[in-house]
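The values are calculated or read from the model by the stated rules, or taken from the named source; none is laboratory data. Remember, it's a predicted structure, so these values are computed and weren't measured experimentally. When we count neighbours, we look across all protein chains shown, and the Cβ atoms used for this are built from the backbone with ideal geometry, even at glycine.
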Amino acid sequence: MRVVLLGPPGAGKGTQAVLLSEKLGVPHISTGDLFRANISQQTLLGREAQKYMDAGDLVPSDVTNRMVEARVNETDAANGFVLDGYPRTVDQADALEKILAEMDKKLDAVLSFDVPESIVIERLVERGRTSGRSDDNAEIIHNRMVVYRDETAPLLEHYDGLVVQVDAVGTIDEVHARVLQALGR
Ligand code: B4P
């Protein structure tokens, strides 16, 4: 199964992607995690990504698309994946469609996590107390929300017909159960 998780920062995409990928037996591919791994290894890609992430801005799509193309072509993703944090813009969605077409594959589902802004801000500020993530502070979180509304929310319309809304307010287990239900599992 090839599933995309959409939602504002802090909606719990990463949290649910881990549980879902275990359930489906396919890899969890998080662009945020891939960038953070590159940053901690101080690669060229990491140094490029860091300045955008620190500001709460999106890393340029050409860099991101290439990274995703390489990752979904790895052998462990041959039977599917849970994509978390990608695509984040309509042009990334177009790139993903091309990447999958070259593999003769298509997305099976897009889940959109529905959470009020006040709750995601609370979750991110809470995580910021211990995460050490430079983008989990009030000012940067505000910018990430603006970027989400301007750049990522239009994907809901782009994926019209494929998107299933998931109520992402509640405990992690409650949301996981709704994710499985949305996928008919
Ligand atoms: P991401 O790493 O994707 O981070 P996120 O949006 O903050 O996280 P997510 O929604 O996964 O929340 P999580 O489960 O962690 O992006 C970071 C940055 O990377 C971006 O700003 C951008 O710069 C760059 N980037 C990534 N992808 C990109 C792309 N495609 N193009 C360009 N740039 C890109 O949950 C958040 C917190 O809530 C956690 O502490 C968690 O424990 C808690 N939580 C989760 N579910 C909960 C629940 N049900 N109840 C209570 N708390 C919960």
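So for the stretch 139-157 (the condition being away from the ligand (no atom under 14 Å from the Cβ) and free of Cβ contacts under 8 Å to residues at least 40 places away in the same chain), does at least one residue qualify?
Yes, some residue in the stretch 139-157 is away from the ligand (no atom under 14 Å from the Cβ) and free of Cβ contacts under 8 Å to residues at least 40 places away in the same chain.
Condition check: loosely packed, with under 15 Cβ neighbours inside 10 Å and of a type outside the set (Phe, Trp, Tyr). Does Ile121 satisfy that? It would help to see each step written out before you state the result.
Details: loosely packed, with under 15 Cβ neighbours inside 10 Å: no; of a type outside the set (Phe, Trp, Tyr): yes.
Here the answer is no, as Ile121 does not meet what is asked.
Could you give me the residue pairs with C-beta distances under 7 Å whose first residue belongs to the stretch 74-93 and is without any contact (Cβ under 8 Å) to a residue 60 or more places away in the chain and closer than 18 Å to Val18 by Cβ, whose second residue is part of a loop (DSSP other than H, G, I, E, B) and within 16 Å of the ligand (Cβ to nearest atom) wherever it lies, and which are 6+ apart or on separate chains?
Sorted first by the residue in the stretch 74-93, then by its partner, the pairs are Asp76/Pro27; Ala77/Pro27.
Out of the stretch 56-85, which residues are crowded, with 16+ Cβ neighbours inside 10 Å and of a type in the set (Lys, Arg)?
Result: Arg71, single match.
Report, by residue number, each residue of the stretch 135-185 that is modelled with pLDDT under 95 and of a type in the set (Lys, Arg).
Arg185
Give me a count of the residues in the stretch 50-85 that are touching a Gly at 6+ places or on another chain (Cβ under 9 Å) and under 25 Å from Asp104 (Cβ atoms).
The qualifying residues number 4.
May I ask you to verify whether Glu126 is within 26 Å of Ala153 (Cβ to Cβ), of a type in the set (Asp, Glu) and either surrounded by fewer than 18 Cβ atoms within 10 Å (Cβ to Cβ) or touching a Gly at 6+ places or on another chain (Cβ under 8 Å) (or both)?
Spelling it out, Glu126 is indeed within 26 Å of Ala153 (Cβ to Cβ), of a type in the set (Asp, Glu) and either surrounded by fewer than 18 Cβ atoms within 10 Å (Cβ to Cβ) or touching a Gly at 6+ places or on another chain (Cβ under 8 Å) (or both).
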